[in-house]
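Reading through the structure tokens given below for one structure.
Only the coordinates and a few stated rules stand behind these numbers; no lab work does. Owing to the predicted nature of the structure, the values given are computational and were not obtained by experimental measurement. Positions of Cβ are generated from backbone atoms using ideal geometry, with glycine treated the same way; all protein chains shown enter the neighbour counts.
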Ligand code: GDP
């Protein structure tokens, strides 16, 4: 059956106020400081949700509602916010900009249908925009680009567009041209309607004045419009025909073709403005409505059968069986635990029973809430394609599929990177210890990139996360929200360990002290593998020397032992293990005995192999005025950083490096003082790599000192 005829079967529920093709689930993604928060704030103002706009630098922005975010002036949590613009419901998922929170970005991208990419008209594409962009590509999220900060000195729209084209390898098509730049930036030319949109002052309430294109811009506007047609002729047959036959191409022709190109991820239309000075914001809302997909455009939803794992498909529709994906858990001081979810098919009602396919448990929706930045609206039902928060779901966590128990489906799960930094937390009193336990499990539920373990040597509670800032926030929240009094250690890098050379072991675990004994015997070998391999185990036992039912216990023993390496207690990775042989005893062998034997064999073999540390290496990028370049590079080298690439343009140098995370603590402060605050930097985890012997020695010494 073709897509179109299937869509004819689509029916909408009676209670719906906004038709599904008028729903937009979007994210705003950007490098930190590009203006994402400011732009989102303006969206909320112009859509009428928010009449008193808080400026980011005053720390009152509505989206940044968590206290810590306000103090730090950055957005961390993906709050989902709803607003209405020209009969369209726009759900904005606030994607975090800081690299420590890439998992949050991934999480929110999974449930978006489209995104606005915000770029700074002065600094262009920065490394983090590249990261976010790659993530958007992974989930095939259609994007429109907004070049912000046109009022700043050095702002250049077309140069930024070229930068996006070069660095992100996408077909970027300007659909606007700026009128003026820097302090003379007045507004934009809409190349589709061929009108000039002018804002006569910088007030939020400034009306848009629509005029004909000023004569001095007519030529460039014509050229730019021709370029749009040329680009579209490559992706759109209808435009190509009109173009080849020299037929007139209407605004509507262009709009339809742009929309198709955007949804097919073939083109990225680019617009410009200044969110801060309130120019060019309303057109972006129009662009969202015109070009970004509705849930109907993302018609087919792939999933699998929870019992058989067979792939199954669903499609959007209020009358379809219910299926939703939980993408965020938040603890709200007033209503308790909120599960943010996107409805892929069907309708959610208060009191409805849903199955969690991970736990195989049923629970009921309590209240259903549609979230605005700082208020919430209770709804009886939430329809297909929408985003909302549910109260009352039991045992639910990020990434869970909730579904109609009669028609279960598992929607694709979300993958998260491994934590790279950890700190020890030491509760002050026994009471704090109890509270800490509760708080940590609640936080871990909200945030899958945050992990907890107990150090087997010291008995300390160790929490790990994606970066220094990530852990700072968690520390803050423990203290403020959960009122836990605790001392914390210095942030530690989460190392890995690996074997130096191939090795083997032939290990027996035997206990015979009257009564029933224990007997397990395992022979294995291990070989080093390349970086990023992880740990793999293969069973090569023949003739039932180790009975089949015990093999998985041998594996469990190996995996258990591999969580704490012999060198520093870090997970052991990048090796392959073959279980070769063994023997068993008819009476004394047991699951536990083989688990112990597996674990001991692993330890014996790694001891023989010799161990070394692997450390997390970060891709660190610095953008600095050229005059500080020497000092910046000197500093990076002293941190064992490796310079990969350097480029200077208009007196601004971009330096790309690979630098060990362990040398990065306090880096932003150091960079600020070296460059008088004029450089910016960003980093993301690259890989786990080897380290010099001297440093390894130092780490071991420090570790022993701690004990
Ligand atoms: P985010 O980190 O991407 O959310 O960026 P913010 O919205 O917090 O903005 C970062 C800084 O840039 C803030 O100080 C804003 O006031 C400022 N800013 C945002 N938009 C503009 C703009 O259009 N022009 C200028 N000059 N500054 C802006």
Extent of the stretch 332-402 along each principal axis, from alpha carbon coordinates, in Å, largest to smallest? 34, 26, 21
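Going by average Cβ density within 10 Å per residue, which order do the peptides 463-475, 549-561 take, highest to lowest? Display every interim value, and only then the final one.
Working: 463-475: 22.5, 549-561: 19.3.
Highest-to-lowest ranking by the protection proxy: 463-475, 549-561.
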Can you work out the FRET efficiency for the pair residue 545 and residue 451, with r the C-beta to C-beta distance and R0 = 35 Å, to the nearest 0.05? 0.40
Shape parameters for the stretch 532-582, alpha-carbon atoms, Rg then Dmax in Å: 12.2, 38
So, by mean Cβ neighbours within 10 angstrom, what's the order for 293-299, 35-41, 646-652 with the highest one leading? 35-41, 293-299, 646-652
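Peptides 633-641, 491-499: what's the order by average Cβ count within 10 Å, highest mean first? Each step should come with its number before you reach the end.
Working: 633-641: 16.4, 491-499: 22.0.
Final packing ranking: 491-499, 633-641.
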Could you give me the percent of Cα pairs per 10 Å distance bin for the stretch 134-209, shortest bin first, beginning at zero and ending with the bin that holds the maximum distance? 16, 43, 30, 12, 0
In nm, give the distance between the simple-model label positions of residue 245 and residue 349, each being 7 Å from the Cα along the Cα-to-Cβ direction. 5.2 nm
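As a test of understanding, state the convex hull volume per residue of the chain from its alpha carbons, in Å³.
Numbers: hull volume 142.7 nm³, N = 707.
Here the figure is 202 Å³ per residue.
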Determine by what factor the alpha-carbon radius of gyration of the stretch 287-370 differs from 2.2 N^0.38 Å, reporting the quotient. 1.25
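Sort 506, 604 so that the residue with the fewest other Cβ atoms within 10 Å of its own Cβ comes first and the one with the most comes last.
By the 10 Å Cβ count, ascending, the order reads 506, 604.
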If you bin every alpha carbon distance in the stretch 345-472 into 10 Å steps from zero, what whole percent lands in each bin? 11, 31, 28, 22, 7, 0
Taking the 0 to 90 degree range and rounding to the nearest ten, how far is the long axis of helix 430-446 tilted relative to the main principal axis of the chain, both from C-alpha atoms? 50 degrees
Beyond 18 Å, the calculated P(r) of the stretch 158-292 holds a percent of Cα-Cα pairs equal to 56 percent
Would you compute, from DSSP H runs of 4+ residues alone, the mean residue ellipticity of the chain at 222 nm, taking -39500 (n - 2.57) per run and dividing by the full residue count, rounded to the nearest 500? -9000 deg cm²/dmol
What spacing in nm lies between the two simple spin-label points modelled at residue 506 and residue 418, each 7 Å away from Cα in the Cβ direction? 3.2 nm
Want the number for residue 223 to residue 204: 0.36 nm per residue separation, take away the alpha-carbon distance, what's left? 3.6 nm
In the stretch 479-632, what is the volume of the convex hull around the alpha carbon atoms, normalised per residue and reported in Å³? 209 Å³
Given R₀ = 35 Å, FRET efficiency for residue 153-residue 216 by Cβ-Cβ distance, to 0.05? 0.95
I'd like the FRET efficiency for residue 669 and residue 647, computed as 1/(1 + (r/R0)^6) with the beta carbon distance as r and R0 of 22 Å, rounded to 0.05. 0.30
Fraction of antiparallel bridges per DSSP, the chain only, in percent to nearest 5: 80 percent
Taking the stretch 594-649 on its own, what percent of its Cα-Cα pair distances exceed 12 Å? 76 percent
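For the stretch 221-373, what is the convex hull volume of the alpha-carbon atoms per residue, in Å³? Let's see the in-between values first.
Working: hull volume 26.1 nm³, N = 153.
Spread over its residues, the Cα hull of the stretch 221-373 gives 171 Å³ apiece.
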Quick one: what Rg and Dmax do you get for the stretch 457-548 from the alpha carbons, in Å? 22.0, 60
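Using the 2.2 N^0.38 Å rule of thumb for compact globular proteins, work out how the stretch 421-490 stacks up: its C-alpha Rg over that value, please. Don't skip to the end; give the middle numbers.
Numbers: Rg = 10.9 Å, N = 70, 2.2 N^0.38 = 11.1 Å.
Dividing the Cα radius of gyration by 2.2 N^0.38 Å gives 0.98.
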Taking neighbour Cβ counts within 10 Å as the exposure measure, how do 367, 678 sort from fewest upward? 678, 367
